[in-house]
Amino acid sequence: MSDAFEPERGRAPAILSIQLEDELRLDRERTGHVDPGDPALVERRLARTLETLERLDASASFFAEGRLVAEIDRAWWSRLAIRHELGCQGLSRTTLARLGPERFTDDARRGREAIEEVASCVVRAFRAPELAVEGCDPWLGEGLRAAGYAIDASKRLASLPEHAHGGCFALEGSDDAIVELAQPALQFGGQTMTLGSASVRVLPLPTLRVLFELAEQQGFVPQLVLQLGDFDPHGPTGLEAEQGLRKRLEHLLRNAGREGVETKLQQLSLRWSFGTLGAAVDRAAHPPAA
């Protein structure tokens with residue numbers, strides 16, 4: 001990573017990662033519907049996301065499945081690689097539990113190679129679909145090492161191992177080849193909270209600041225995980241008139257508060273400098289001089 005990704009003096013480092021995916025298609029697939037997706041919507045949301053990041057002077061890690069390279073214009077991939085970081089969720093965004101250890105390595109490798117070919121950049125980071133990695137140690141680390149990765153961002157932890165440094169530690173099974181940069185699962189108000197899309201959309205700004213501070217106190221680098229739709233507050237939500245009351249309520253909850261995301265990011269940026277996972281790993285390995 002270049003010096004452009006280092007936090008500005010006076011601001012603490014934080015990580016911003018964004019799921020580069022067709023959220024509406026994924027919602028329908030979760031209910032058993034085969035859906036061709038809407039590449040035009042993904043590209044529109046990606047354009048709005050990049051415009052917002054430009055205004056914030058922020059860098060982000062974008063995680064995509066390898067099959068997406070065939071669906072959106074090639075120019076987007078090379079554009080992302082200029083200032084931001086590209087990460088992978090495998091070729092087909094299939095959960096690790098369904099793949100199993102034998103198929104996982106091949107899927108992760110093919111996804112990485114597909115993105116690298118279209119973006120002409122090195123893909124270092126992996127994130128498991130749905131952040132579902134329970135019961136996958138040590139073969140998660142073994143598979144990522146064999147698939148050519150250097151960073152994993154799949155785990156959500158309440159605390160870091162004693163040997164962690166800069167929020168980073170070696171992933172089990174990887175023979176120290178894979179650096180884990182976990183998302184903090186914070187105890188706050190009697191609940192376990194992560195800094196995901198729902199938290200940023202729904203929680204008030206003072207609460208988000210407290211969660212960032214808690215993450216820092218526990219040795220984590222604060223890490224936001226957002227969706228493209230968070231940067232497109234007035235875009236389609238997938239809500240259909242014929243859906244039942246429960247489904248309509250779920251849609252409303254998934255989209256509530258998106259109009260305030262950019263303002264919250266602006267305010268958080270006054271104190272924290274948002275960058276990529278790769279920059280955080282490099283900083284932990286080579287701390288800047290005081």
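The values are calculated or read from the model by the stated rules, or taken from the named source; none is laboratory data. Model, not experiment: these values are computed from the prediction. Cβ atoms come from the backbone with ideal geometry, glycine included; neighbour counts cover every protein chain shown.
Suppose we keep only residues that are among the hydrophobic types (A, V, I, L, M, F, W, C) and not in a helix (DSSP H, G or I) within the stretch 105-125. Which one would you say is farthest from residue 152 (Cα to Cα)? Lay out the reasoning, then the answer.
Taking the stretch 105-125 and keeping what is among the hydrophobic types (A, V, I, L, M, F, W, C), we get 108, 114-115, 118-119, 121-123, 125.
Remaining after also requiring not in a helix (DSSP H, G or I): 121-123, 125.
Details: 121: 18, 122: 15, 123: 11, 125: 6 Å.
Ranking the candidates gives 121 first.
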- Query: Got at least one residue in the stretch 1-13 being modelled with pLDDT of 95 or more and surrounded by 18 or more Cβ atoms within 10 Å (Cβ to Cβ)?
  - Reply: yes
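Across the stretch 59-99, which residue is farthest from residue 39 (Cα to Cα) among those that are of a type in the set (Val, Ile, Thr) and assigned to a helix (DSSP H, G or I)?
So the first thing to find is which residues in the stretch 59-99 are of a type in the set (Val, Ile, Thr), and the list is 69, 72, 82, 94-95.
So of that shortlist, the ones also assigned to a helix (DSSP H, G or I) come out as 69, 82.
Numbers: 69: 10, 82: 21 Å.
That would be 82.
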- Item | Matching entry among 102, 130 (being assigned to a helix (DSSP H, G or I), over 23 Å from residue 183 (Cβ atoms) and either polar (S, T, N, Q) or at pLDDT below 95 (or both)) | 102
- Only one of (1) in contact with a Lys or Arg (Cβ under 9 Å, 6 or more places away or on another chain); (2) surrounded by 17 or more Cβ atoms within 10 Å (Cβ to Cβ); (3) not in a strand (DSSP E or B) is not met by residue 175, so which one is it? (2)
- Query: Looking at residue 49, is it assigned to a helix (DSSP H, G or I), of a type in the set (S, T, N, Q) and either in contact (Cβ under 8 Å) with a residue 12 or more places away in the chain or touching a Lys or Arg at 6+ places or on another chain (Cβ under 9 Å) (or both)?
  - Reply: yes
- Query: When only residues in the stretch 178-205 that are more than 21 Å from the chain's Cα centre (by Cα) and outside any strand (DSSP E or B) count, which is surrounded by the fewest Cβ atoms within 10 Å (Cβ to Cβ)?
  - Reply: 190
- Message: Just to be sure before I move on: is residue 212 under 15 Å from residue 258 (Cβ atoms) and buried (at least 18 other Cβ atoms within 10 Å of the Cβ) in the structure I sent?
- Response: no
- Limited to the stretch 70-90, what total is found for residues that are under 27 Å from residue 133 (Cβ atoms), of a type outside the set (Gly, Ala, Ser) and at pLDDT 95 or above? 7
- Query: Quick one: would you say residue 153 is small (Gly, Ala, Ser), touching a residue at least 12 places away in the same chain (Cβ under 8 Å) and under 21 Å from residue 86 (Cβ atoms)?
  - Reply: yes
- Message: Quick test of your reading of the structure: residue 216 fulfils all but one of (1) more than 16 Å from residue 58 (Cβ to Cβ); (2) modelled with pLDDT of 95 or more; (3) in contact with a helix residue (DSSP H, G or I) (Cβ under 8 Å, 6 or more places away or on another chain). Name the failing condition by number.
- Response: (3)
- Query: Given (1) modelled with pLDDT of 90 or more; (2) of a type in the set (Asp, Glu); (3) within 17 Å of residue 228 (Cβ to Cβ); (4) loosely packed, with under 15 Cβ neighbours inside 10 Å, where does residue 57 come up short, assuming only one miss?
  - Reply: (3)
- Among all residue pairs at least 6 apart or on different chains, which show Cβ distances below 6 Å where the first residue, located in the stretch 259-276, is at pLDDT 95 or above and the second is among the small types (Gly, Ala, Ser) and outside any helix (DSSP H, G or I)? 272/12; 272/14; 274/14; 274/58; 275/59; 276/59; 276/61
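Let's see how each residue does on (1) in contact with a Phe, Trp or Tyr (Cβ under 8 Å, 6 or more places away or on another chain); (2) under 24 Å from residue 172 (Cα atoms); (3) at pLDDT 95 or above:
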{"position": "97", "(1), (2), (3)": "no, yes, no"}
{"position": "112", "(1), (2), (3)": "yes, yes, yes"}
{"position": "122", "(1), (2), (3)": "no, yes, yes"}
{"position": "141", "(1), (2), (3)": "no, yes, yes"}
{"position": "145", "(1), (2), (3)": "no, yes, yes"}
{"position": "148", "(1), (2), (3)": "no, yes, yes"}
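Being out of contact with any helix residue (DSSP H, G or I) (no Cβ under 7 Å at 6 or more places or on another chain) and among the polar types (S, T, N, Q) is the filter; apply it to the stretch 159-190 and report the residue that is modelled with the lowest pLDDT. Lay out the reasoning, then the answer.
So in the stretch 159-190, the residues out of contact with any helix residue (DSSP H, G or I) (no Cβ under 7 Å at 6 or more places or on another chain) come out as 159-164, 169-170, 176, 180, 182-183, 185, 187, 189-190.
If we keep only those that are among the polar types (S, T, N, Q) too, we end up with 159, 183, 187.
Details: 159: 96, 183: 95, 187: 86.
It comes out as 187.
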- Message: So residue 63 ticks every box in (1) more than 19 Å from the chain's Cα centre (by Cα); (2) at pLDDT 95 or above; (3) closer than 19 Å to residue 155 by Cα but one. Which box is left unticked?
- Response: (1)
